[in-house]
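The values are calculated or read from the model by the stated rules, or taken from the named source; none is laboratory data. All values reported here derive from a predicted model rather than from experimental measurement. All Cβ positions, glycine included, derive from the backbone under ideal geometry; neighbour counts span all protein chains shown.
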Amino acid sequence: MNSLSDGPKAEAITVVLVEDDAPTLWRLQDALAKAGYQVRAAGTLAEARACLAQGAPKVLLTDLQLPDGHGVDLIRETRRRFPDTEIMVISILGDEESVISAITVGATGYLLKDAFPTDIAATVRDLVAGHSPISASIARFIVRRTQSTPEPPPGPVLNTAKLTPREIDILWGIAKGFSYAEIASHLGLSRQTVPGHIKSIYRKLEVHTRGEAVFEAVQQGLIKL
Amino acid sequence: MNDHGDDVQPELPGRARRRLRSSRLIRYLLLQAVIAVAGVTVLLQSLPGPPAQYQVTAFQLTEAGAERAVTLPYFSPLRNAMNDPPRFRGHFIRPADEASRAWSVFLPRFTNGVEVTVNDVVILDSRRDPAANRPDRNTPAIAVIPASVLRDGDNAISIRLFIWGPITGFLDRIWVGPDEELRPTYNLRTLVFVTLPVVFSSWQAILAVILGIMWVMRRHEPAYGVLAAAMAVGVGQAFLQTPMGETPFSRFNVILISSAPIESALVLVFALLLSGWKWQRYAWIIFIPGIALALAGLFGNQALVRALFLILAVPMVGISLLIMAVVTARSALQRQNVASFLLGCAVTIMLTCWIVDLLSVFQMMPNRIFTARLSYSAMLVAIGAGLTWRFARALNQIDGFAGRLVTQVREAEEKLKASFAREEERARAAALARERTRLMRDLHDGLGGQLVSIVALSERGNGSAGIGEAARAALKDLRLVIDSMDDIGGDLMLALGSWRERAMAQLRPHDIALDWRAVTAQGLPVHPELRPWHVIQIVRLLDEAVTNAVKHAEARRITVRIETLAGADGLERGCITVEDDGRGFEIAPDGGAAGAAKTARGLRNMRSRAARCGAELELSSCAQGTNKGTRVRLTLPHRFPDSDGAAG
């Protein structure tokens, strides 16, 4: 993945970066700045809101644990205000506990905090290009949730009812470490359609409104009327 | 006793059903007619007699003061002639050459009693034999004539016929001849008309006891009790003797005469109950004839009882038989069950016998052999045996049911055990998941964040690249530990999926390509027994192989092949191969690497990890040639060990 220099110039691409750990913030900022992105950095939720007030960024990268709040709230607000902004979580472990809750409010995948600078830039570039990265462990978490269990499994709430069998098959393939090309050939799809399916999976996992959230909670038996 | 569900008739449209029923009725009636005709034919057959040359036919009869010549058999019109019995006088010739053989007088059938005199010496008085006194039994009589009484040539024989009702007198043909010539016929008649009824009655007694016990234990099936009562009455009638003359018990003996109507009433009730009828209060009228007769026997005189017997008992038996015929026919046609059908046939046979008996009472038959009683006993025995058989069959069914129940209980127990084990497994998995979530949160907040900070800080100063690398490795290992705690449902492929991502992230800065090949579509077999520690060992082993390739082999490409192999023993085994195109090394004879001590330690580690999981590790390395490089081939066990086999 040394294709950074071949990528499109990114002067117009603004990235809002929210991270409370200063060293991590610097290295992420460095990596993105070197790749040509225009980065607006924030260390707290309040600063992040101030950054967003300046206008819609193309990309929002945010940590979840912030000194003055939770990144999930920021993602939800951004999603509502700027539907075209791509949102990604910055995670230490890439654990589903935090990532899934971010996905349900509109995030697309995650970026590991210790990722190599080249990988950081490449991930953001892919995101801007309309690709939706999904890790094997997140795919695994989602497909495990599609399997029926007698009681709700621990961890964040996730409604997989809207996923089609084909989308679930794709998730299985990703969870097992297959590449898009391998999945496409197994399922008899064109390789190009797989990213579209993944984007659709992200959108289906998103809980859009309060009403919908309540409806889904009722459907899943989390709330009894 | 109720044949619920014996046969369920399929629902047919009205007309078809009517046609089916009428055709069934016609067939049933035809069959009964055939049975009746066959019965009459059999009854009309006369029993074989002794040689005709010994038959004495010509007699002078003195009856009611008048004397005339008659030939036997003879029906006397009298109903009661105890004081002045009809006397038959005849002659027979005993040839002189027969003197060496004993001669006998044989009377196959008479009602009610006879006294035989030869040459003015009484040789037989049947009244002393209680069995012979009963008009309903066809008891024959034989008497050896004492040699001193017999003369060569002409001998006089005289028979007095005692008649005490309730039917008219009868004297069948008689034979006088050598005892050995007459005896076989006598024995045959004794067998059929004396021994056989006793045998039947014994059976009846046993069945009465069996059915009685059955009724006591199963009060909700009164049919058993009714039949037991019928049998008990029948047994009493058969075995309680009625000697002539006035004894203190003679009044009670007279009651026995009422046994026939009571018994027939009981059997009728049994047949009704068997056909599904419920006992009604008014049904007591069935027993009125029998009770009336018993009361008459207790308080009236014998003449009254005998008169009543003819007008109460005989019609009662006939009416009972007729009702039973109708009831059983209906039951046989409606429910199509074998028991009712057989009972119907038996009733037809009895009815036939009863009608023939009646005809013979009214002297419309050439002979006077009563068979109704015999056929009735046989039928009762058959019914009792059938019921006992049914009971035994029901017991067998219960046994079978109990057996099935035991099997089902065992199956359910096993299912329960399995489900309990599953539940336990699930609870364990849930506990693990909770623990993992908690651990993750802790690590996230603490160790993880600090490690990330170390990575970030080390990148800012140039001299601390080693620290950064170590921190990154620690993060990677942390992710591996957390990842392997996830419940992957025994599908190792799910763990390898994450591993692939981590390996790719590791290889990317080194510009090493990772070629991932799942050779078999399914990848690896699913192992329900797979535990997190197995996953950690395998993933660390694979990590070790990749790290070796990166650090020591200067490889450009690493190929991971995943496949399922069918072993020689027919069991499927997963196989993971990590291959690089690096420098390779010499493998020492002890299996370790001959080169650097670090590599050797790495290989030892890999071997011990494989051994712990029960997997086989194959190492091959080639330093030169077109296929140079190192290959690590891990063959997974068919079943992962429960405990850490090679720990320590």
- prompt: Which is surrounded by 22 or more Cβ atoms within 10 Å (Cβ to Cβ) and either at pLDDT 85 or above or more than 7 Å from chain B (Cβ to nearest Cβ) (or both), of A:Y180, A:Y110?
  reply: A:Y110
message: Looking at B:S148 and the list (1) within 19 Å of B:F59 (Cα to Cα); (2) at pLDDT 85 or above, which single condition is not satisfied?
response: (1)
message: I'd like to know if the range B:285-302 contains one or more residues that are part of a loop (DSSP other than H, G, I, E, B) and touching a strand residue (DSSP E or B) at 6+ places or on another chain (Cβ under 8 Å).
response: no
- prompt: Of the residues that sit in the range B:82-118 and are over 60 Å from the mean Cα position of the chain (by Cα), in contact (Cβ under 8 Å) with a residue 40 or more places away in the chain and part of a loop (DSSP other than H, G, I, E, B), which one is farthest from B:A52 (Cα to Cα)?
  reply: B:P85
query: All but one of (1) of a type in the set (D, E, K, R); (2) more than 10 Å from every other protein chain (Cβ to nearest Cβ); (3) in contact with a helix residue (DSSP H, G or I) (Cβ under 6 Å, 6 or more places away or on another chain) hold for A:E96; which doesn't?
result: (2)
statement: Scanning the range B:468-482 for residues that are at the interface with another protein chain (Cβ under 7 Å from one of its Cβ atoms) and touching a residue at least 40 places away in the same chain (Cβ under 8 Å) gives B:I482
- request: Among the residues of the range B:47-56, write down those that are surrounded by 12 or more Cβ atoms within 10 Å (Cβ to Cβ) and outside any strand (DSSP E or B).
  value: B:L47, B:G49, B:P50, B:P51, B:Y54
message: Looking for something modelled with pLDDT under 85, more than 28 Å from B:G523 (Cα to Cα) and away from chain B (no Cβ under 14 Å) - is there at least one such residue anywhere in the range A:113-132?
response: yes
field: the range A:161-177, subset small (G, A, S) and within 20 Å of B:L524 (Cα to Cα), residue nearest to the other protein chains (Cβ to nearest Cβ)
entry: A:G177
- request: Show the residue pairs that are 6+ apart or on different chains and have beta-carbon atoms under 6 Å apart, the first residue being within the range A:102-120 and among the aromatic types (F, W, Y), the second being buried (at least 21 other Cβ atoms within 10 Å of the Cβ) and in a loop (DSSP other than H, G, I, E, B).
  value: A:Y110/A:G94
- prompt: Taking the range B:488-504 as the search range and keeping residues that are more than 60 Å from the chain's Cα centre (by Cα) and aliphatic (A, V, I, L, M), which one is surrounded by the most Cβ atoms within 10 Å (Cβ to Cβ)?
  reply: B:A503
message: Being in contact with a helix residue (DSSP H, G or I) (Cβ under 9 Å, 6 or more places away or on another chain), among the aliphatic types (A, V, I, L, M) and either touching a residue at least 24 places away in the same chain (Cβ under 8 Å) or part of a helix (DSSP H, G or I) (or both) narrows it down to one residue among B:L61, B:L29; which is it?
response: B:L29
- line: Filter the range B:539-568 for residues that are touching a residue at least 40 places away in the same chain (Cβ under 8 Å) and part of a loop (DSSP other than H, G, I, E, B); the one that is surrounded by the most Cβ atoms within 10 Å (Cβ to Cβ) is B:A555
task: Identify the single condition in (1) surrounded by 17 or more Cβ atoms within 10 Å (Cβ to Cβ); (2) closer than 29 Å to B:L447 by Cβ; (3) in the same structural domain as B:E618 (by TED's automatic domain parsing) that B:M485 does not satisfy, given that it satisfies every other one.
output: (3)
message: Condition check: polar (S, T, N, Q) and surrounded by 14 or more Cβ atoms within 10 Å (Cβ to Cβ). Does B:T407 satisfy that?
response: no
query: Does at least one position in the range B:411-429 carry a residue that is more than 30 Å from B:A230 (Cα to Cα), within 14 Å of chain A (Cβ to nearest Cβ), at pLDDT below 80 and surrounded by 13 or more Cβ atoms within 10 Å (Cβ to Cβ)?
result: yes
- line: The lone condition B:V199 fails out of (1) among the β-branched types (V, I, T); (2) free of Cβ contacts under 8 Å to residues at least 60 places away in the same chain; (3) in the same structural domain as B:S104 (by TED's automatic domain parsing) is (3)
query: When you look at A:V143, is it assigned to a loop (DSSP other than H, G, I, E, B), among the hydrophobic types (A, V, I, L, M, F, W, C) and either out of contact with any strand residue (DSSP E or B) (no Cβ under 7 Å at 6 or more places or on another chain) or facing chain B (nearest Cβ under 8 Å) (or both), yes or no?
result: no
- prompt: Which condition breaks for B:M485 when tested against (1) closer than 27 Å to B:F640 by Cβ; (2) more than 10 Å from chain A (Cβ to nearest Cβ); (3) more than 60 Å from the chain's Cα centre (by Cα)?
  reply: (3)
query: at pLDDT below 85, within 60 Å of the chain's Cα centre (by Cα) and under 19 Å from B:V519 (Cβ atoms): does that describe B:L636?
result: no
query: Looking at A:A22, is it facing chain B (nearest Cβ under 10 Å) and touching a residue at least 12 places away in the same chain (Cβ under 8 Å)?
result: yes
Residue check for B:V226: without any contact (Cβ under 8 Å) to a residue 60 or more places away in the chain and over 30 Å from B:D125 (Cα atoms): yes
statement: When (1) touching a residue at least 12 places away in the same chain (Cβ under 8 Å); (2) farther than 30 Å from B:A303 by Cβ are applied to B:I206, the one that fails is (1)
- request: Please find, within the range B:496-548, the residue that is farthest from the other protein chains (Cβ to nearest Cβ) out of those that are among the acidic types (D, E) and farther than 16 Å from B:A610 by Cβ.
  value: B:E529
